[in-house]
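Structure record follows, encoded as structure tokens.
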Amino acid sequence: MKWLLRSFLALVVLLVAGVAWWLFTQRHEALPPSRTTEARLQDPELIARGAYLATVGDCAACHTAQGGKPYAGGRALPTPFGDVPAPNLTPDDATGLGQWSFDAFWRALHEGVGRDGHALYPAFPYTSYTRVRRQDAFALFAYLRSLPPVRGETASPSLRFPYDLRASLATWRALYFRPGEFVPDPKQSDEWNRGAYLVQGLGHCNECHVARDNLGGLPRNETLTGGQIPAQNWYAPDLSTRAHGGLEGWSADDIVALLKTGQSAKGAAFGPMADVVMQSTQHMHEDDLRAIATYLQSLPPRPARAAGGSEVDATALIDRGGKLYAQQCAGCHGKDGQGVAGVYPPLAANASVTEPTGINAIRIVLLGGFAPSTAAHPRPYSMPPFAQQLNDADVAAVVSYIRYAWGNDAHPVMERDVANYRHTPVE
């Protein structure tokens, strides 16, 4: 009888989703091209501003396949539900934006709806891009229209059932998406509002720096509280600089330095964030980076972490990890975990070390740590991988030690966690 009940409930859900989808498509019919003035789209100043905004949004990172032409699409974006290929953004008539009007482009950013009227999969972060102002969207469109056209077909998404049914998107959107441009807070400074606009909109920082639920939705009442990046197995830390925040104690200068150079007195950018720094934030204007820092420093304090119970003899594990650290790590990071300024990042009070899961520290020990090469820091030192030198028990011990030592006070990691991430593909 239980399977009958489950089947009935599944049928009801699909019927509701189907009705919601029909209503959605009736409201979102494909728009005819509008009469956007070509002269305006060819304005060099507008195109230059659009190029900068595309860099702020890190658009090329997703819309450029490895070894492919910039913005020509083809890269498969991994999600827990399957892969979604990023489309071609060059002005090719057949496969890109050549036949798109600005109104259609605006609707894609603001409402998450394609030119054909179909809802877009939220691998495209329109949940953040909806905040982008129309004039900035127009500049971005002008820049993309100025690119050399490249013919590049976009493959179909390879999503598992029932996520491959576009009808289910109507239900997802009803639960998680509310379109709306950024509205400045009159109680805050111009700098704060600029930072909020960049972080919440084109920067789409919350798409990674908050935990998603089982349906891939973002919580409405949490902002930049940290979370595991789906399908990539890295942890994007909490970005509050106040009590119990992931960046507790970071100054505005620390934040700007990390975003500009990939390094700061508090730590370095690794994993997906290294790519963001290399392709996006290092190229941003100083005043925009300062605005972002001002906004992040206004994030509220976080609740104190609950003490986590250990499944292992923590004393013996940490003692073993301390001996391994002295042998393998102290030569660079120092006996006190302070590292060497501008060369080796500190491990004490390092957000990548103390984040809740331990994923980042495990993966860096296994795979190595590679800070981004930037104009301000073109030849950063890298940490070699230890996957061949240390077994799973060794890695668990040394990671548990650095998460405990020097006042870090984060819970130990398990040997089984190391085994899991040792075989996780690099993204």
Normalised by the residues of the chain, what does the relative contact order come to in percent, with Cα pairs under 8 Å and at least six apart?
-> 13
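What relative contact order, as a whole-number percentage, does the stretch 378-427 give when Cα pairs under 8 Å and 6 or more residues apart are counted? Mind showing how you got there, number by number?
On the way: 29 pairs, mean separation 16.0, N = 50.
Result for the stretch 378-427 is 32 percent.
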Highest-first arrangement of 204-214, 157-167, where packing means the average Cβ count within 10 Å | 204-214, 157-167
Once fully extended, how much extra length lies between ALA231 and ARG133, figured as 0.36 nm per residue of separation less the alpha-carbon to alpha-carbon distance?
-> 32.2 nm
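Once fully extended, how much extra length lies between ARG151 and ASP319, figured as 0.36 nm per residue of separation less the alpha-carbon to alpha-carbon distance?
Details: separation 168, 0.36 × 168 = 60.48 nm, distance 5.87 nm.
Result for the pair: 54.6 nm of gain on full extension.
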Evaluate the relative contact order of the stretch 193-351 (contact order divided by residue number), counting alpha-carbon pairs under 8 angstrom at least 6 apart; express in whole percent.
-> 21
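Run lengths n ≥ 4 of DSSP H only: what is the helix-derived mean residue ellipticity at 222 nm for the chain, with -39500 (n - 2.57) per run over all residues, to the nearest 500? Kindly include the intermediate steps, with their values, before the conclusion.
Values: 18 runs with 179 residues, N = 427.
That comes out to -12500 deg cm²/dmol.
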1/(1 + (r/R0)^6) with r = Cβ-Cβ of ASP409 and ALA326, R0 = 30 Å, i.e. FRET efficiency to nearest 0.05, evaluates to 0.90
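Local charge sum around PRO149 (other residues, Cβ-Cβ under 11 Å, Lys/Arg +1, Asp/Glu -1)?
Values: positive: LYS69, ARG145, ARG151; negative: ASP92, ASP93.
Within the 11 Å Cβ shell, the charges total +1.
Given a Förster radius of 25 Å and the C-beta distance between ASP336 and SER382 as r, what FRET efficiency does 1/(1 + (r/R0)^6) yield to the nearest 0.05? If you can, show how the numbers build up before the last one.
Details: r = 22 Å, r/R0 = 0.88.
Using R0 = 25 Å, I get an efficiency of 0.70.
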Could you give me the percent of Cα pairs per 5 Å distance bin for the stretch 222-350, shortest bin first, beginning at zero and ending with the bin that holds the maximum distance?
-> 2, 10, 14, 19, 20, 18, 10, 5, 2, 1
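Between GLU181 and HIS423, what length comes free when the chain is fully extended (0.36 nm per residue of separation minus the Cα-Cα distance, one decimal in nm)? Could the numbers behind the result be given before it?
Working: separation 242, 0.36 × 242 = 87.12 nm, distance 4.18 nm.
Extra length from GLU181 to HIS423 when fully extended: 82.9 nm.
How do MET383, MET278, MET284 stack up against each other in accessible area, from largest to smallest, with a 1.4 angstrom probe? List each step's numbers first, then the result.
Values: MET383 50, MET278 75, MET284 5 Å².
In descending accessible area the options line up as MET278, MET383, MET284.
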What nm value, rounded to one decimal, do you get for the distance between LEU165 and ASP93 when each label is placed 7 Å out toward the C-beta?
-> 3.9
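Give me the 1.4 Å probe accessible area per residue for the chain, excluding ligands and nucleic acids, in Å². Spell out each step's value before the answer.
On the way: 21280 Å² over 427 residues.
For the chain, the solvent-accessible area averages 50 Å² per residue.
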For VAL113, which sequence-distant residues (separation of 5 or more, or a different chain) have an amide H within less than 5 Å of its own amide H, given hydrogens modelled in the peptide plane?
-> ALA108, LEU120
Computed FRET efficiency, Cβ-Cβ of ARG416 and SER189, R0 45 Å: what is it to the nearest 0.05?
-> 0.40
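Ordering ASP116, ASP43, ASP409 by how much accessible area each has at a 1.4 Å probe, largest first, what is the list?
Numbers: ASP116 95, ASP43 60, ASP409 120 Å².
From most accessible down to least: ASP409, ASP116, ASP43.
Per Stokes-Einstein, at 4 °C and 1.567 mPa s, what whole-number D in µm² s⁻¹ belongs to the stretch 351-427, with the Kirkwood radius over Cα pairs as the hydrodynamic radius? Intermediate values should be presented prior to the final figure.
Values: Rh = 13.1 Å.
Estimated diffusion coefficient is 99 µm²/s.
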Using a probe of 1.4 angstrom, how much of the accessible area of the chain is carbon and sulfur, in percent?
-> 57
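Could you work out the Kirkwood radius for the stretch 57-179, taking every pair of different alpha carbons, averaging 1/r and inverting it, reported in Å? All intermediate terms of the calculation are to be shown ahead of the outcome.
Working: mean 1/r = 0.0674 Å⁻¹.
This gives a value of 14.8 Å.
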Rg/Rg_globular for the chain, with Rg_globular taken as 2.2 N^0.38 Å and Rg from C-alpha atoms = 1.05
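Using only the heavy atoms of the protein chains and a 1.4 Å probe, how would TRP250, TRP100 rank by accessible area, largest first? Working shown, then result.
Numbers: TRP250 20, TRP100 55 Å².
Result, largest first: TRP100, TRP250.
The values are calculated or read from the model by the stated rules, or taken from the named source; none is laboratory data. Quantities reported herein were computed from a predicted structural model and do not represent experimental measurements. Positions of Cβ are generated from backbone atoms using ideal geometry, with glycine treated the same way; all protein chains shown enter the neighbour counts. These accessible areas exclude ligands, DNA and RNA; they are computed on the full protein's heavy atoms, side chains included. Shrake-Rupley method; radii C 1.70, N 1.55, O 1.52, S 1.80 Å.
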